[in-house]
Amino acid sequence: MHNITLIPGDGIGPEITEAAQIAIEATNVKINWEVVNAGEGVIEKEGSPLPGHILESIRKNKVALKGPITTPIGSGFRSVNVALRKELDLYACVRPNKTMPGINTKFNNVDLVIFRENTEDLYAGIERKIDDDTAESIKRITRKASERIAKSAFEYAQKQNRQKVTVVTKANICKLSDGLFLESAKNIAKDYPEIKFEELLIDNMCMQLVQYPEVYDVLLLPNLYGDIVSDLAAGLTGGLGIAPGANIGDELAVFEPVHGSSPGLAGLSKANPTALILSAVMMLKHIGEQKAAKVLYNAIVEVLKKGECITYDLGGHASTFEMAEAIAKEIRKIFASK
Ligand code: NAD
């Protein structure tokens, strides 16, 4: 039995987490879900959008599956998602992007993995108002954070037989901050001579990705560029509805899709549950349930290939739950055929 924290989140979060549970349950992996919630909806009752007991639950269980949580724009409380990563020191944001069968995209051979530094950069939100007409943000980059995310990317590349790590910065302009990130990556790269290492500027990277995404393998980026390029990469392989992710620290891990709470879809049962279910595949691998992870992945692939029970974003008409049920049905078929 695995004890796992489940954060449904808000917007489309509750419906996609419920759908993901249906698919995960079909794998027969025994999970005791500890359900906790964060975000605007809990402020009145708990006094904070990120109550301390959520952090305690994840520290105790070591693993969480999380739905998206809305962050107010321009004012209001700071991002719960960012605070969670920072509080738990989940420094490696890992986001695979792979062409999936049955999904019609411009490219049929994308297979890249983004390693996004998850704790600093402009994302730390160190900002101040100088006067009514002037504001500034501090872009803080440290050697420690840069080296550990670079090490994560190279370790991953080595273990997964990946050929190349591309570090992406704007070190020609942000010479000190991005310069330090780049220098740290170069230092770590020396320990992995068998893995090809290259550097690109972020603007060029964006163009290369929309023209030749198949050339890229593991991408290593500071926090903000990693955030933006994650959505770009999701767009190459079929959109946010199928883009999974993980936030990994030395001891703790929180698995969540790349996408946000998508308020316009909330409550309509139209959202694609696949990104969260693929995040659950990553989670099952992380907790040592390799076989279940494979069965769950293969079931998703079958449903996509058949194309009969897919959500609107992939060109279908299925509801969130119909797609999750179809994945669960494929899992049962896989088990029955063994
Ligand atoms: P979003 O990712 O919610 O949505 C962007 C677009 O993708 C929308 O058109 C949306 O409908 C579509 N989309 C997203 N997920 C989908 C799914 N599962 N199925 C089908 N279509 C899907 O981004 P946004 O609108 O910029 O942000 C909404 C809120 O989410 C904001 O408050 C933002 O701060 C928050 N957010 C949270 C997280 C997180 O919890 N980790 C991540 C990103 C954004």
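Every number in this text was worked out from the coordinates using simple rules, so none of it is lab data. A quick note: this is a predicted structure, and the numbers were derived from the prediction, not measured. Here Cβ is always computed from backbone atoms with ideal geometry, including for glycine, and neighbour counts include all displayed protein chains.
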Per residue, the convex hull enclosing the alpha carbons of the chain has a volume in Å³ of 143
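Between their Cα atoms, which of LYS98/LYS270; LYS98/LYS338; LYS98/LYS294 are more than 21 Å away from each other?
Values: LYS98/LYS270 23 Å; LYS98/LYS338 27 Å; LYS98/LYS294 15 Å.
In this structure, LYS98/LYS270; LYS98/LYS338 lie more than 21 Å apart at Cα.
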Between the stretch 194-261 and the stretch 150-180, how far is it from one alpha carbon centroid to the other, in angstrom?
12
Relative contact order computed over the stretch 105-237 (Cα-Cα under 8 Å; 6+ residues apart), in percent:
38
For a footprinting-style exposure proxy, rank CYS309, CYS93, CYS206 by other Cβ within 10 Å, fewest first.
CYS206, CYS309, CYS93
Loop only per DSSP, at most 13 neighbouring Cβ atoms within 10 Å: give me the trypsin sites (Lys or Arg not before Pro) in the stretch 144-197, ordered by residue number.
LYS175, LYS190
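Restricting to DSSP H runs of at least four residues, report the calculated mean residue ellipticity at 222 nm for the chain, -39500 (n - 2.57) per run over all residues, nearest 500 deg cm²/dmol.
Values: 11 runs with 141 residues, N = 338.
My calculation for the chain gives -13000 deg cm²/dmol from helical runs alone.
Under 8 Å for C-alpha pairs, at least 6 residues apart: give me the relative contact order for the chain, rounded to a whole percent. Don't skip to the answer; put the middle values down first.
Working: 705 pairs, mean separation 77.8, N = 338.
Normalised by residue count, the contact order of the chain is 23 percent.
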Ranked list, fewest to most other Cβ atoms within 10 Å of each Cβ, for HIS286, HIS53, HIS259
HIS53, HIS286, HIS259
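Apply the a/c threshold of 1.5 to the C-alpha gyration tensor of the stretch 53-102 and tell me whether it is rounded, prolate or oblate. It would help to have the intermediate numbers written out before the result.
Numbers: a/c = 2.21, a/b = 1.25, b/c = 1.77.
The shape class here is oblate.
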Residue with peak Gaussian network fluctuation, the chain [Cα springs, cutoff 10 Å], from ALA293, ALA234, ALA83
ALA83
Neighbouring Cβ atoms within 10 Å as the yardstick, rank VAL167, VAL35, VAL63, VAL94 fewest first.
VAL35, VAL63, VAL94, VAL167
Proximal lysine pairs in the stretch 109-251, meaning Cα under 21 Å and 8 or more positions apart or interchain, come to 24
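Let me have the relative contact order for the stretch 223-338, percent, based on Cα pairs under 8 Å that are six or more residues apart.
Over the stretch 223-338, the number comes to 22 percent.
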Residue range of the chain that is longest and free of GluC sites (Glu not before Pro) which are both DSSP loop and sparsely packed (at most 15 other C-beta within 10 Å)
1-193
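What is the extension gain from GLU46 to CYS206, computed as 0.36 nm multiplied by their sequence separation minus the C-alpha to C-alpha distance, in nm to one decimal? Walk me through the numbers before you get to the answer.
Details: separation 160, 0.36 × 160 = 57.60 nm, distance 4.16 nm.
Gain on stretching GLU46 to CYS206: 53.4 nm.
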Suppose every K and R has +1 on its Cβ and every D and E has -1 on its Cβ; what is the size of the dipole of the chain about the Cα centre, in Debye to the nearest 20?
1080
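I need the Kirkwood Rh of the stretch 105-237: take the reciprocal of the average 1/r across all distinct C-alpha pairs and report it in angstrom.
Numbers: mean 1/r = 0.0651 Å⁻¹.
In the stretch 105-237 this quantity evaluates to 15.4 Å.
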